[in-house]
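Participant: Next up is a structure, given as structure tokens.
No value in this document is a laboratory result; all are computed from the given coordinates. From a predicted model like this one, the values you see are computed outputs, not experimental measurements. Counting neighbours? That spans all protein chains shown, and the Cβs are built from the backbone with ideal geometry, glycine included.
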């Protein structure tokens, strides 16, 4: 006698319950493991940097002096160098990346978009030290001889554009970082824009909208949260980039006041100093820099998540 449909469904449910539970448990363990790993890294950094924070307190964050001889350490120049260089990169890469993604997803024919997408994503596979070498031998001489002098002559009345041109400094580091984070912004933004339902576009086109109006009013509002997420992921890479920035930023231990000043980031300071650091307060201070960088990265990601959530809720009709 054939089994009833209800009995068949129960049999399938029982036979599939063990694999389902196993899959759910495995993925849950892995998710918890990632969280535990991040917490463990934070705890390790906090414990090993305790000597520096207990010695200097909040003065470690606000101080501008880094003197191993006098055992005085301050992180402010490196914090500002990290934030400013990443901000320059974001200002350059975000509009270029989003506009490129719109072109690839909405305007370019397939015979153009496919090879261009491959070439842009190929940038992500280039090692950072190669970007650094290109920055030292090609970009920095170009900036120092042409672009920076032109900006100084044209916008020198603005304080951040005043002063001499070195070719090596914040501006050069920002451009290198912009090139490095561009593939992330373009790739994710393109995928998000491509996932917008075709009905969105067809509805706007049926109302007589132009191609640009379809993109602006139907595509971008739907993909806005994903685009913001792509930009924030690019910012996360810019904050932690080490070798390329170390090679072109100048590594000057001072607070930058101009766009063309030489400076140093947290990552470049750790990379250039850690091997020579003496065990004790100096090593603890360098680890404290790493802890500060971790806090900055997490804080920016939390702010980005809140922003994406707010934008998504604000874009929800009704």
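Participant: Multiply the residue separation of residue 138 and residue 195 by 0.36 nm, subtract the distance between their alpha-carbon atoms, and state the gained length in nm to one decimal.
Facilitator: Details: separation 57, 0.36 × 57 = 20.52 nm, distance 3.83 nm.
Residue separation times 0.36 nm, minus the Cα-Cα distance, leaves 16.7 nm.
Participant: Only counting other Cβ atoms within 10 Å, I'd like 195, 128, 85, 63 sorted with the fewest neighbours first. Each step should come with its number before you reach the end.
Facilitator: Values: 195 11, 128 18, 85 32, 63 15.
Least to most surrounded, the residues fall as 195, 63, 128, 85.
Participant: Separate question: State the Cα centre-to-centre distance between region 185-203 and region 104-164 in whole Å.
Facilitator: Each part's Cα centre sits 26 Å from the other's.
Participant: Could you state the orientation-averaged shadow area of the convex hull built on the Cα atoms of the chain, in nm² to one decimal?
Facilitator: On the way: hull surface 104.1 nm².
Mean projected area of the Cα convex hull: 26.0 nm².
Participant: If I fit a long axis through the Cα atoms of helix 281-315 and take the longest principal axis of the Cα atoms of the chain, what angle between them do I get, 0 to 90°, rounded to 10?
Facilitator: Around 40 degrees separate the two axes.
Participant: Tell me, 212, 66, 134 in order of fewest to most beta-carbon neighbours within 10 Å? Before the final figure, lay out the partial values.
Facilitator: Working: 212 11, 66 21, 134 17.
In increasing order of surrounding Cβ atoms, one gets 212, 134, 66.
Participant: Can you give me the relative contact order of the chain as a percent, contacts being Cα pairs under 8 Å and 6 or more apart? Spell out each step's value before the answer.
Facilitator: On the way: 400 pairs, mean separation 84.1, N = 318.
Dividing the mean separation by the residue count of the chain yields 26 percent.
Participant: Could you check the spin-label model distance between residue 96 and residue 38? Points 7 Å from the Cα along Cα→Cβ, value in nm.
Facilitator: With each label point 7 Å from Cα toward Cβ, the separation is 3.0 nm.
Participant: R0 = 35 Å: FRET efficiency of residue 50 with residue 129, Cβ-based, nearest 0.05?
Facilitator: Between residue 50 and residue 129 the formula returns 0.60.
Participant: Stretch residue 153-residue 257 to full length: gain in nm at 0.36 nm per residue minus the Cα-Cα span?
Facilitator: Working: separation 104, 0.36 × 104 = 37.44 nm, distance 1.79 nm.
Result for the pair: 35.7 nm of gain on full extension.
Participant: Continuing with this model, one more query. Determine, from the Cβ-Cβ distance of residue 65 and residue 20 and an R0 of 45 Å, the FRET efficiency 1/(1 + (r/R0)^6), rounded to the nearest 0.05.
Facilitator: Details: r = 59 Å, r/R0 = 1.32.
Working from the Cβ atoms, E equals 0.15.
Participant: Related question: Rounded to the nearest 500 deg cm²/dmol, what is the calculated helix-only ellipticity per residue at 222 nm for the chain, with -39500 (n - 2.57) per DSSP H run of length n ≥ 4? List each step's numbers first, then the result.
Facilitator: Values: 14 runs with 218 residues, N = 318.
Dividing the helical sum by the residues of the chain leaves -22500 deg cm²/dmol.
Participant: Additional query: What FRET efficiency would be calculated for the residue pair residue 145, residue 29, taking the C-beta separation as r and a Förster radius of 51 Å, to the nearest 0.05?
Facilitator: Details: r = 57 Å, r/R0 = 1.11.
It comes to 0.35.
Participant: Using the count of nearby Cβ atoms within 10 Å as a rough guide to exposure, how do 241, 51, 202, 276 rank from fewest to most?
Facilitator: Numbers: 241 25, 51 17, 202 12, 276 8.
By the 10 Å Cβ count, ascending: 276, 202, 51, 241.
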